[in-house]
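Worksheet: one structure, shown below.
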Amino acid sequence: MSRRDQIRMSPPEVRDFLTEQRVINVATMGPNGRPHLTPLWYVPKDGDGDDGVRIETWTYGKSQKVANLRRLAQATLLVESGKDYEELRGVSMETDVELIDDDDRALAIGADLMRRYTLGGPEAEIGEDFLEILRVQATKRTGLVFTPTKIISWDHSKLGGAY
């Protein structure tokens, strides 16, 4: 078995890793042909296909990344962790991107982000005051749904200290 095969995460391990982490780096193609890279909070979701994962987030509708995605609705995502070699873990995804301009759908993504990052989990209830704040924000936001076309993962802890 190759080293590459030894460190690859299974689809459930990928989903668990994405759930544990908090920041995803999103690379889109800028108007000058260079990558435009930005960190975002995100919500991992169950998806279709063998890998069974997709990523949802939102951002300002007038942002550079949205302008880039309107030209080319593709992105590469990276989530990584670890300091020392034997701790390195990560997931890189080439994705197709759906842009969500519908305020209600964007609001649903914003609510999921609030549950994950502010309220402690997907089952948390959002009070009417917070929901109203999110409604106002949703009118200025574009939802982003990233569906992987290719996933590459690594978990160096699987090598057991042997390099």
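The values are calculated or read from the model by the stated rules, or taken from the named source; none is laboratory data. In this text the structure is predicted, and so the values were computed from the model without any measurement. Every residue, glycine as well, gets a Cβ built from its backbone with ideal geometry; the counts of neighbours run over all protein chains shown.
For this structure, a couple of remarks:
- Of the candidates 112, 104, the single residue that is in a helix (DSSP H, G or I), surrounded by fewer than 11 Cβ atoms within 10 Å (Cβ to Cβ) and among the charged types (D, E, K, R) is 104.
- Matching residues, segment 1-12, being in a helix (DSSP H, G or I) and either loosely packed, with under 13 Cβ neighbours inside 10 Å or at pLDDT 95 or above (or both): 4, 5, 12
- Residue check, residue 56 surrounded by 15 or more Cβ atoms within 10 Å (Cβ to Cβ), assigned to a strand (DSSP E or B) and of a type in the set (D, E, K, R): yes
- Residue list for segment 64-90, filter: outside any helix (DSSP H, G or I), crowded, with 16+ Cβ neighbours inside 10 Å and not hydrophobic (A, V, I, L, M, F, W, C): 74, 76, 89, 90
- In the set (1) under 15 Å from the mean Cα position of the chain (by Cα); (2) part of a strand (DSSP E or B); (3) not basic (Lys, Arg), residue 36 fails one condition alone, (1).
- Number of residues in segment 27-65 that are within 22 Å of residue 103 (Cα to Cα) and of a type in the set (Val, Ile, Thr): the value is 4.
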